[in-house]
Amino acid sequence: MTRLVALLFVFGTVWGAQIQLVYPRLEAGQDSFFYSQELDSTFVLGHIDGFLPEMSLTCNDFPVPLSKDGAFLAFLPISWQSETFAWNLALTNGEAETSQLTFPFYAAPEPEDMVWAEFAVPAIFRVNQPNSHTRTTVGGSYHLFPDSGTVLSVAASSQYWLRFDLDAGQSGVIERRFVDSVGVDEILTAPVRVGDAQIYVIGDEAVIKFDVDRQPLCEVSTEPDGDEFTLVVHDAVSTIDKIRYVGGARDVVKDITWRQQHGSLTLTVCLDESANGYRLNTSDSLLTFEVFQQDSPTKSLRGKRIVLDPGHGGAANGAIGPRGAKEKDAVLSWSKILEEGLRSKGAEVLRTRTDDTAIGLHDRVALARQFNADVFLSLHANALPDGENPSLRHGCGTYYYQTLSRTLAESIQSAVLEQTGLSDDGVFDANFAVVRPTEFPAVLIESAYMMHPEEELKLQDDKFLLELSRGVVNGLLDYFSKVPAR
């Protein structure tokens, strides 16, 4: 059977009731569905139009449990020994078959071996856009987030990636779309020279500026309580002779130390009190590090600037539940209810979208920066990738990336669970673009699982969204009462 003919069976044959398969599904412009050959099981979900309580459903001869209104979610084995691959669903009413549906799929091709071309002499590439990132290796973790203009010494290239050298024999990779070729140059034959610094205070920010002789590649880490920051400047050497404290800078920055280690320079910034945000900027002449001071703890949200970011929007539906509910709609409704709850407590609130509009990930963060946010909350409803067993994951989960956001994530997770009675899906350290900003605490809340029939219903219920919102408000009150806000 050809692929085109096989796909026609997706629509099935119907006598009365009809099987609606929500996932897997073909997206716009897609004529085939592929699974990795490494998967031995995965899930299907959907619902029955015209469902009656006496009906039963099977998929590839395995029984599929149905909710009271005919929604289903099942985790089933994939047989790669079949002559053709498909999900074959059959609905029966007593002894009579009522409806059937066949959804064919294919084994994804094995990835091609990546061919790297080594350069005889390192080539110089310059980062050409903001919000770029590097990885430890192709398919590896996010690693560095270089500013536009940063130069990299590239040792090898493939079709889509470049591999660059770091100090101590380490390396990283960056996508070609993030860089422009500069050619072969002597610019990187010597390490970056990091020179003298001065520190001054502007409003609630302590600003530290180091002289450099070219734009460096840096990374930052911090202690959980925000009173110590570590800056690693790669392929750099210290020429620091003095650090000048201007005005009241010594009241904020207690000390700065530095050490050479394996070709990099490590700068340690010790603060007199905790900070709850920072910003790092680099140029060809300056390395600028700003930390945001904190005020006293408070038990109020009055005057706090809270950004609510309903996920997805426009053509991006997000997760879709068995009955067809869309994540983008549920979180938009939730954001409106949550906004009302926050405003009633005296908070200033900005929603990144107030209708079914598509907004870029980095644009969402930019709106929060313009608003001078105290907290950024990205609102979502969860689903799992192919191959994960959905019966093992339920309820609410909260995600952060920056260490300074962990306390916020824990406060919100605990309060939401107490208020709603949802299962605890956990608090996760995850590198999502919307929780990557450093200037303010930012977390992503996966309120419940849209893919679970019972949780899909909750996410359509304004009473549940109100309880969810009360949990978030309580979590924010707890956070600001124990963590000073800037």
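Short-range pairs are left out: with C-alpha atoms under 8 Å and at least six residues apart, the relative contact order of the chain is 12 percent.
Remark: the stretch 356-486 is approximated by an ellipsoid whose semi-axes, taken from the C-alpha gyration tensor as √(5λ), come to 24, 18, 14 Å, largest first. Apolar share of the accessible surface for the chain: 49 percent from carbon plus sulfur atoms, 1.4 Å probe.
Packing, taken as the mean count of other beta carbons within 10 Å per residue, orders the peptides 61-67, 300-306 from highest to lowest as 300-306, 61-67. Other residues with beta-carbon under 13 Å from the beta-carbon of Phe432 carry, at +1 per Lys or Arg and -1 per Asp or Glu, a net charge of -1. When peptides 380-391, 466-477 are sorted by average Cβ neighbour count within 10 Å, with the highest value leading, the order is 466-477, 380-391.
Just to verify a number: FRET efficiency for Ser79 and Val138, C-beta to C-beta distance, R0 = 51 Å, to 0.05?
Rounded to the nearest 0.05, the efficiency is 0.95.
Ratio of Rg to Rh for the chain: 1.04 [Cα atoms; Kirkwood radius as inverse mean 1/r over pairs]. Judged by the mean number of other Cβ atoms found within 10 Å, the most tightly packed of the peptides 254-266, 141-153 leads the ranking 141-153, 254-266. Among the lysines of the stretch 334-486, pairs that are 8 or more positions apart or on different chains and have alpha carbons within less than 19 Å of each other number 4.
Placing a label point 7 Å from the Cα of Arg250 along the Cα-to-Cβ line, the residues of the stretch 263-279 whose backbone N sits under 16 Å from it are 270-273. For the stretch 392-452 versus the stretch 289-354, the spacing of their alpha-carbon centroids is 13 Å.
Modelled label positions at Ala28 and Trp116, each set 7 Å beyond Cα in the direction of Cβ, lie 3.9 nm from each other. Show that you can apply the helix-only estimate: for the chain, add -39,500 (n - 2.57) for every DSSP H stretch of four or more residues, divide by all residues, and state [θ] at 222 nm to the nearest 500. Dividing the helical sum by the residues of the chain leaves -5000 deg cm²/dmol. Label sites at Gln37 and Val237, each approximated as a point 7 angstrom past Cα along Cα to Cβ, lie 5.2 nm apart. With both labels modelled 7 Å from their Cα along Cα-to-Cβ, the Ser181 to Tyr160 distance reads 2.0 nm.
The values are calculated or read from the model by the stated rules, or taken from the named source; none is laboratory data. As the structure is a computational prediction, the values presented were derived from the model and not from experiment. Here the Cβ is made from the backbone with ideal geometry for all residues, glycine too, and neighbour counts use every protein chain on show. These accessible areas exclude ligands, DNA and RNA; they are computed on the full protein's heavy atoms, side chains included. Shrake-Rupley method; radii C 1.70, N 1.55, O 1.52, S 1.80 Å.
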